[in-house]
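I have placed the structure first, in the form of structure tokens, so that the comments after it can refer back to it.
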Amino acid sequence: MSYNIAIDGPAGAGKSTIAKKLAARLGFVYVDTGAMYRTIALYLLRQGIGPQDEEAIAEAVQKVDVGISYEDGAQQVYLNGENVSSLIRTEKVSQMTSQTSVYLPVREKLVELQKKLAAAENVIMDGRDIGTCVLPNADVKIYMTASVEVRAKRRYLELTQKGAQCSLQEIEQEISERDYRDMHREHSPLRQAEDAVLLDTSELTIEQVVDAMEEIVKARGIFAAWK
Ligand code: DC
């Protein structure tokens, strides 16, 4: 039997940063499901398929192979055998992903892969629909959020530290657009599962959030059960 921890929340709430650290503390595998949706979006962009072309997307999804592996504990994603991990974080891919992840064939393909991973390993999986759809029986569910202003500021700092030129206002606008799409789509919209613990990270440091999560996990007896 494997232990499953589900983390959901909007873009920029800190899910992946926190989940990676917690996975290292617990010795769990971190599964970043957003990277899988991004990989399909990259494929569609490369094929010149538009985000509104549902028929072409449904057909393309049948041809695409999304694979996951772990190198030094870091998740790598493969698109038809090519490691595309460093190509899926651009703003163009982010916007495309948010638009193409609304389609059922895209979701069905990836949810199947995610369920298989969770059945085989102790995982911390993050995304938008993990607690509600992918792992409804997860041992722990966390809904991680932060205000739009804080999330935009974090992203702005991350980009400017890398030397990028960007506008805080534009980033805030992009985050709001993604939030709206992710929360209002027909299939598996982003929402807090009824049995998820709400964690607002707006006023917390990364270490404080990881500590808070570790407490939640411990309170569920997971440490005692496997350590
Ligand atoms: O977590 P992220 O920013 O890498 O996710 C990119 C997009 O993928 C996000 O806008 C919505 C979509 N996504 C999804 O629909 N379901 C998931 N489980 C994870 C991501």
With (1) at pLDDT 95 or above; (2) more than 16 Å from the ligand (Cβ to nearest atom) as the list, and residue 73 as the residue in question, which single condition is left unmet?
(1)
Between residues in the range 194-220 that are closer than 24 Å to residue 133 by Cα and in contact (Cβ under 8 Å) with a residue 24 or more places away in the chain and residues that are small (Gly, Ala, Ser) and part of a helix (DSSP H, G or I), which pairs lie under 7 Å by C-beta distance while being six or more apart or on different chains?
196/131; 199/212
I need every pair where a residue in the range 158-172 that is free of Cβ contacts under 8 Å to residues at least 12 places away in the same chain and in a loop (DSSP other than H, G, I, E, B) has its Cβ under 7 Å from the Cβ of a residue that is among the aliphatic types (A, V, I, L, M) and surrounded by 10 or more Cβ atoms within 10 Å (Cβ to Cβ), sequence separation at least 6 or different chains.
166/159
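Search the range 111-149 for residues being of a type in the set (D, E, K, R) and under 23 Å from residue 61 (Cα atoms), and hand back the single one that is farthest from the ligand (Cβ to nearest atom). Step through it out loud before you land on a result.
Of the range 111-149, the ones of a type in the set (D, E, K, R) are 112, 115-116, 121, 126, 128-129, 139, 141, 149.
Add one more test, that the residue is under 23 Å from residue 61 (Cα atoms), and what stays is 112, 115-116, 126, 128-129.
On the way: 112: 13, 115: 12, 116: 15, 126: 7, 128: 4, 129: 5 Å.
Of everything passing the filter in the range 111-149, 116 is farthest from the ligand (Cβ to nearest atom).
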Test: residue in the range 70-90 that is open to solvent by 10 Å² or more (accessible area, probe 1.4 Å), among the small types (Gly, Ala, Ser) and in contact with a strand residue (DSSP E or B) (Cβ under 6 Å, 6 or more places away or on another chain)
yes
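Can you spot a residue in the range 183-190 that is acidic (Asp, Glu) and under 29 Å from residue 215 (Cβ atoms)?
Looking only at the range 183-190, we keep the residues that are acidic (Asp, Glu), and these are 186.
Imposing the further condition that a residue be under 29 Å from residue 215 (Cβ atoms) reduces the set to none.
No, there is no match, as no residue in the range 183-190 is acidic (Asp, Glu) and under 29 Å from residue 215 (Cβ atoms).
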Filtering the range 10-51 down to residues that are within 9 Å of the ligand (Cβ to nearest atom), within 21 Å of residue 112 (Cα to Cα) and not in a helix (DSSP H, G or I) yields 32
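Have a look at 192, 161, 165, 208 and point out the one that is open to solvent by 40 Å² or more (accessible area, probe 1.4 Å) and within 16 Å of the ligand (Cβ to nearest atom). Let's see the steps before the verdict.
Working: 161 fails: within 16 Å of the ligand (Cβ to nearest atom); 165 fails: within 16 Å of the ligand (Cβ to nearest atom); 208 fails: within 16 Å of the ligand (Cβ to nearest atom).
Step by step, each of 192, 161, 165, 208 is checked, and only 192 is open to solvent by 40 Å² or more (accessible area, probe 1.4 Å) and within 16 Å of the ligand (Cβ to nearest atom).
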If I filter the range 24-35 for residues that are closer than 26 Å to residue 198 by Cα, open to solvent by 30 Å² or more (accessible area, probe 1.4 Å) and not small (Gly, Ala, Ser), do I get at least one hit?
yes
Any idea which residue in the range 82-107 is farthest from residue 175 (Cα to Cα), counting only those that are touching a residue at least 40 places away in the same chain (Cβ under 8 Å) and in a loop (DSSP other than H, G, I, E, B)?
84
Checked the range 108-149 for anything over 19 Å from residue 20 (Cβ atoms) and either assigned to a strand (DSSP E or B) or open to solvent by less than 10 Å² (accessible area, probe 1.4 Å) (or both); matches are 110, 129
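The values are calculated or read from the model by the stated rules, or taken from the named source; none is laboratory data. Just so it is clear, the structure is predicted and the values come from calculations on it, not from any experiment. Methodologically, a virtual Cβ is constructed for each residue, glycine included, from the backbone with ideal geometry; neighbour enumeration extends over all protein chains shown. In case anyone asks, the SASA skips ligands and DNA or RNA and just uses the protein heavy atoms, side chains included. Shrake-Rupley method; radii C 1.70, N 1.55, O 1.52, S 1.80 Å.
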